[in-house]
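The values are calculated or read from the model by the stated rules, or taken from the named source; none is laboratory data. Treat the numbers as computed from the prediction; the structure is a model and nothing was measured. Cβ placement follows ideal geometry from the backbone for every residue including glycine, while neighbour counts extend to all protein chains displayed. For accessibility, only protein heavy atoms count, side chains too; no ligands or nucleic acids. Shrake-Rupley method; radii C 1.70, N 1.55, O 1.52, S 1.80 Å.
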Amino acid sequence: MRIGVDVGGTNTDAVAMSAEDVVGWAKATTTPDVTDGIVTAVQSLLGEHDLSPDAISAVMIGTTHFTNALVEGRRLVPTAVVRLGLPATKGLPPFIDWPDRLREVLGDHVYLCHGGHEFDGRLISPIDHDELRAAARDIASAGVGSVAVTSVFSPVDASFEAEAQEVLTEEAPELDISLSSEIGRLGLLERENAAIVNACLRPLAEHTVAGLARALVELGLDCPLHVSQNDGTLMSADYARRYPVATFASGPTNSMRGAAFLSGIRDGVVVDVGGTTSDIGVLVHGFPREASTAVSVAGVRTNFRMPDVMSLGLGGGSLVRSRNGLRSEVTVGPDSVGYELTERALVFGGDELTATDVAAAAGMADIGEAASVGELNPALVSDAVECMQDMLAEVVEQMKTSADPVPVVVVGGGGVLVRDGLAGASETIRPSHFSVASAIGAAIAQVGAETDRVYSMAEMTRDEAMAEARSATAQRAVDAGADPDTVEITDIDEIPLTYLPSNAIRIRVKAVGDLASVNGPSNEGTRT
């Protein structure tokens, strides 16, 4: 039996699953220290459904810890950036496109050093160990402990980044180093940004994962802990310590994976309605469609795996306003009462008109005290409902790749806000357990990995390049916690780069596998 947990902005959901059956679920209010909310939700789950902790073989958690830290600019540590690329790249130094507030938190610790490769692996300049040792001494003297190392075209040849890591740690063993080749895709600035974000979150990741492990001990769960990645797959707790950036946007991806599992729909649109926002994404072969362009997180452009999701300021706690009783003057959101819904909404005895109140008044939801919304103006209720449907339909149309109607799967605790027959939908599906789809997505998730690099056909054949990419990706999946016997390649993109010499091709490969079996219980989750 597995427990899946999803930490949302309003609620923390916990689900117990045995094979493909949902055994039980529970909700708790998300707390400022999200670990407390996780403990409360799992305690309720175990108690309400009389589940023995000994029956739980693994816990999977999708957390917003790290995304929130970057957005808020809190709990980040000063981070040094070592870029290997001189004499090239001086025109666009690290942090050039970062928001000022984040640059101030991380500090101005930038070191441009010699090294780097061309797209086909040719050397730009030799790596300079003395240069790196001087940088390490300067970083250590400044009291900076986290370092992001980036080398030009390191996804093609990562040897310089690995060599730089060795030299830096020889000179200053206390440094905690993130390598861009292990995190981002092709594209120097975006990959470097991803490495910097990962480096500044590493101490928080150590603290958070340790806290989650302690929470399992407090709950009496002696089993492995896994954390959700942003592509809908899992990583071990130890992997999460090293790559916290991989958890960004894991909530929407878990929702989409859960929606695919519950509905049986592998290709369609998913509308996940929470307490504050609605996330709309697209399913392709049962997995979230990935964003094809650089994605901005808290104003920082990155290029690691991220789902193609559009967020809309519409949720169960969204405030409803009307001027002059005119439909054109009715607005829903984007401001929301959030996790205070059960205190401030009319149906719960509060004095704020929310989207949940409108849904209850319209007969779309049976929640709270219906009498408290019985005297709402019917025209206002009707107009607000139409407003919500129009807002959702517009975003669904934007996410579709054709004008043809597609299946729309509605999930999330606020799914009652979506009326059947949504414009642009061939059918509107609200599966069983739709309100905890995200936690279910975490519980059923597999382990995945990706490789994205350029190969020069002057040095190998296409088949050799393809075989190398497949092998490297499969090994990354095993390193992340997958059972080697179950790993399979699920997606391959091959892009000829005709504007470059040497008949270069860019190959992207994705692999997925089931969780590796664990010999003996461990709440540290470090087995890979």
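Which one, 237, 392, 8, is farthest towards the positive end of the dipole of the chain when Lys and Arg carry +1 and Asp and Glu -1 on their Cβ? Farthest along the dipole direction, towards plus: 392. Rolling a 1.4 Å probe over the protein heavy atoms gives the chain an accessible area of 40 Å² per residue. Couplings for segment 239-245, taken from phi via the Karplus curve 6.51 cos²θ - 1.76 cosθ + 1.60 with θ = phi - 60°, read 5, 5, 4, 8, 10, x, 5 Hz in order; Gly and Pro are left as x. Would you please classify the overall shape of segment 114-237 from the alpha carbon gyration tensor, given that a ≥ b ≥ c denote the square roots of the eigenvalues, rounded means a/c under 1.5, and beyond that prolate means a/b larger than b/c while oblate covers the rest? Note, shape of segment 114-237 comes out oblate. Note on residue 217: accessible area approximately 90 square angstrom, rounded to 10, probe 1.4 Å, nucleic acids and ligands left out. For residue 58, the residues whose modelled amide H falls within less than 5 Å of its own, excluding neighbours fewer than 5 places apart on the same chain, are 3. Accessible area of residue 218 (1.4 Å probe, protein heavy atoms only, ligands and nucleic acids ignored): about 120 Å². A protection proxy built from the mean count of other Cβ atoms within 10 Å ranks the segments 486-492, 503-509, most packed first, as 503-509, 486-492.
Answer with one residue from 442, 124, 226: the one whose Cα lies farthest towards the positive end of the charge dipole of the chain, charges on Cβ with Lys, Arg +1 and Asp, Glu -1. Result: 124.
A simple spin-label model places pseudo-atoms 7 Å from Cα toward Cβ; at residue 72 and residue 331 they are separated by 2.7 nm. For segment 118-134, backbone phi angles converted through the Karplus equation (6.51, -1.76, 1.60; θ = phi - 60°) give residue-by-residue couplings of 7, 4, 9, x, 5, 6, 7, 7, x, 6, 10, 5, 4, 4, 5, 5, 4 Hz, Gly and Pro being listed as x. The amide H of residue 29, built 1.01 Å from its N in the peptide plane, has 12 as neighbours under 5 Å, considering only residues 5 or more places off or on other chains.
Run the dipole for segment 191-309 about the Cα centre, Lys and Arg Cβ at +1, Asp and Glu Cβ at -1, nothing else charged, and hand back the magnitude in debye, nearest 20. All intermediate terms of the calculation are to be shown ahead of the outcome.
Values: 10 positive and 11 negative charges, 49 e Å.
Dipole of segment 191-309, to the nearest 20 debye: 240 debye.
Comparing 338, 262, 70 along the charge dipole axis of the chain, the residue lying farthest to the positive side is 70, per the Cβ-charge model.
Across segment 383-399, rounded Karplus estimates of 3J(HN,Hα) from the backbone phi angles (6.51 cos²θ - 1.76 cosθ + 1.60, θ = phi - 60°) give 5, 5, 4, 5, 4, 5, 5, 5, 4, 5, 4, 5, 6, 4, 4, 5, 7 Hz, Gly and Pro being marked x.
Size of the dipole of the chain about the Cα centre, Lys and Arg at +1 and Asp and Glu at -1 on the beta carbon, nothing else charged, in debye to 20? The partial results should precede the final answer.
Details: 37 positive and 74 negative charges, 116 e Å.
Roughly 560 debye, rounded to the nearest 20.
Annotation: peptides 383-395, 409-421, ranked by per-residue average of other Cβ atoms within 10 Å with the highest first, follow the order 409-421, 383-395.
Peptides 447-458, 352-363 ranked from most to least packed by the mean count of surrounding Cβ atoms within 10 Å: 352-363, 447-458.
Place a label point 7 angstrom from the Cα of residue 310 along the Cα-to-Cβ direction, then list the residues of segment 397-423 whose backbone nitrogen is under 18 Å away. So the set is 397-411, 418-419, 422-423. For the chain, adding -39500 (n - 2.57) for each run of n ≥ 4 DSSP H residues and dividing by the number of residues yields -10000 deg cm²/dmol at 222 nm. Annotation: amide H-H contacts under 5 Å for residue 183 (H modelled 1.01 Å from N, sequence separation of 5 or more, or interchain): none.
With a 1.4 Å probe and all protein chains left in place, how much of the accessible area of the chain comes from carbon and sulfur atoms, in whole percent?
Working: 10100 of 21140 Å².
Heavy-atom surface of the chain belonging to carbon and sulfur, 1.4 Å probe: 48 percent.
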